[in-house]
Amino acid sequence: MSQAVAEKHPRGLYTLFFTEMWERFSYYGMRALLILYMTAATTGANPGLELDVATAGAIYGLYTGMVYLLGLPGGWVADRLWGQRKAVFVGGCVIAAGHFSMATPSTTMFFVGLALIALGTGLLKPNVSSMVADLYPKKDARRDAGFSIFYMGINLGGLLGPLACNWLGENYDWHLAFSLAGFGMILGLVQFRLSYGKLGDAGVLRNELSEDARRRLAKRFFGGCAVVAAALAVGGVLAAGAITLPQVAENVTVAILVIALLYFLNVIFFGGHSKQEVKQVVVIFWLFLLATVFWSGFEQAGSSLNLFARDYTDRTIGSWTYPAGWLQSVNSLFIIIFAPVFGSLWVWLANRKANPSTPLKFALGLLLLAAGYLVVSWGAANATPDAPASASWLVVMYFLFTVGELVLSPVGLSAVTKLAPANRLSQMMGVWFVATALGNLIAGQVAGRLEGLEPSPLFGSVALIIGATGLVALLASPFVKRWGGAS
Ligand code: GLN
């Protein structure tokens, strides 16, 4: 890989690198603050919302879940109506507006801000990645290396966002920190807009619809969106009091799971596919379930593990205490350090025909994640707010998480592109992000359990569930490999 990285890449790659870096700076900076702000006391110089942990966890799950779920309509809007370039630009503006809403000390504007960021990210995130692909001719060998460079941009943002935003937010003012996230997004947008010339025709709308047909389609789509938004708002007002946010999060999780299941059953039984295609779809479904479990553990970084960093971790260096959210940067730092190592490892193994199969990599990813939870559960065993655990427990845990992410996440997407029946490729890619959405939703709800449970048994149970899933995945991997046509 390192050789491929050294090759010359289209100049537009660096435009998209910095756009995504600033977007992730704002996303991860804000996410690292989110649960800390929601659970902080309403008194004092830097008041929070003082929500109970179950409610804050549900909001975290609903928000981060929606961020990924809205990538589905976001991708559609770009394909059919706007082209990726416009979707990224508009998405970025909506995200910035969201962060600035949260910069005001109003609870209503806080929720408006969350909704705007979820909407904007749905428009930006999937489309900035498709633009990277669009920079290269089909089958260009540099494309994979281009994505590795782009992934560095993601994690540079993920590293710097919490460092800057949590320093400001936890020490001085939450709302100033939310606006810092907004300024990051603005920098990304200005840079993006000024470099259009470098993008060639990447992300420009090209579909067969006439201007007129497109306008009609847009009217129907945005009209539909307005109706759904209004129904949700009215439903929310009517249901307020009758249903709690943790219940909402639970119902949304079950609903998405049922819809995903029905979708797969429909494709499998009534999709009109050949026997081999059906087998491959079953494999995608299996990997989808495993990915959901993986992200439900991994994405607790910003929820339960962030609370653990604040309340049960010794964050002092000499007489100085660093912000809890700084530990959120550890995963990105490790990705930046180890992604090239793993890239070369896969190539090295492939040259020796010893590259593990995709189902085996999924099992490994889950087992590594479970090992991470085992470590933190152990570290948490004797930790109390007055005698907190060393931060090294979390650092070792994030190391294991990162290796798990590097083993599982990049191969997931490419497996879907290989296994999906040709006429369902974009659909299946969309469905793939539903696994991330579900994982995030669950990650918030698990954090809610911290209310009644001590961290150590909670993290221990998570380790057990993820470890057991990993074991099943390991045992099933030879069969899954055969069904998938050995990919
Ligand atoms: N950290 C990566 C990103 O932000 C992957 C996150 C995920 O897929 N859950 O893009």
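Some points to look at:
- Boolean, residue 256 is within 16 Å of the ligand (Cβ to nearest atom) and within 15 Å of residue 62 (Cβ to Cβ): yes
- Of all residues in region 16-46 being among the hydroxyl-bearing types (Ser, Thr, Tyr) and farther than 16 Å from residue 330 by Cα, the one that is farthest from the ligand (Cβ to nearest atom): 43
- Filter pass, residue 126 being of a type outside the set (Ser, Thr, Tyr), more than 14 Å from the ligand (Cβ to nearest atom), modelled with pLDDT under 95 and within 27 Å of residue 197 (Cα to Cα): no
- Counting only residues that are more than 21 Å from the chain's Cα centre (by Cα) and either part of a helix (DSSP H, G or I) or crowded, with 22+ Cβ neighbours inside 10 Å (or both), region 438-464 holds 10 of them.
- Considering 469, 402, 436, the condition of being more than 16 Å from the ligand (Cβ to nearest atom), under 26 Å from residue 64 (Cα atoms), in contact with a helix residue (DSSP H, G or I) (Cβ under 7 Å, 6 or more places away or on another chain) and β-branched (Val, Ile, Thr) is satisfied by 469 alone.
- Each residue in region 406-437 was checked for being outside any helix (DSSP H, G or I) and surrounded by fewer than 19 Cβ atoms within 10 Å (Cβ to Cβ), and 0 pass.
Quick grid of which residues meet (1) modelled with pLDDT under 95; (2) of a type in the set (S, T, N, Q); (3) in contact with an Asp or Glu (Cβ under 9 Å, 6 or more places away or on another chain):
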site: 31; (1), (2), (3): no, no, no
site: 38; (1), (2), (3): no, no, yes
site: 45; (1), (2), (3): yes, no, yes
site: 51; (1), (2), (3): no, no, no
site: 57; (1), (2), (3): no, no, yes
site: 62; (1), (2), (3): no, no, no
site: 68; (1), (2), (3): yes, no, no
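- The set of residues in region 27-43 being of a type in the set (Gly, Ala, Ser) and not in a helix (DSSP H, G or I) consists of 40, 41.
- Residue count, region 336-366 (criterion: under 23 Å from residue 439 (Cα atoms) and among the aliphatic types (A, V, I, L, M)): 5
- Odd one out for residue 308 among (1) over 20 Å from the mean Cα position of the chain (by Cα); (2) over 19 Å from residue 172 (Cβ atoms); (3) surrounded by fewer than 22 Cβ atoms within 10 Å (Cβ to Cβ); (4) among the hydrophobic types (A, V, I, L, M, F, W, C): (3)
- Residue match in region 282-305 (condition: over 20 Å from the mean Cα position of the chain (by Cα) and acidic (Asp, Glu)): no
- Residue pairs whose Cβ atoms lie under 7 Å apart, separated by 6 or more positions or on different chains, with the first residue in region 416-440 and at negative phi and the second among the acidic types (Asp, Glu), are 421/277; 439/299; 440/299.
- Single residue of region 129-174 satisfying the filter (small (Gly, Ala, Ser) and modelled with pLDDT of 90 or more) that is surrounded by the fewest Cβ atoms within 10 Å (Cβ to Cβ): 164
- Residue 91, sole failed condition from (1) surrounded by fewer than 23 Cβ atoms within 10 Å (Cβ to Cβ); (2) in a helix (DSSP H, G or I): (1)
- Members of region 348-365 found to be among the hydrophobic types (A, V, I, L, M, F, W, C) and crowded, with 16+ Cβ neighbours inside 10 Å, listed by number: 360, 362, 363, 364
- Residue list for region 63-88, filter: within 16 Å of the ligand (Cβ to nearest atom) and either more than 20 Å from residue 23 (Cα to Cα) or part of a loop (DSSP other than H, G, I, E, B) (or both): 70
The values are calculated or read from the model by the stated rules, or taken from the named source; none is laboratory data. Everything numeric in this text was worked out from a predicted model, so none of it was measured. Cβ coordinates were reconstructed from backbone atoms using ideal geometry, including for glycine residues, and neighbour counts include every protein chain displayed.
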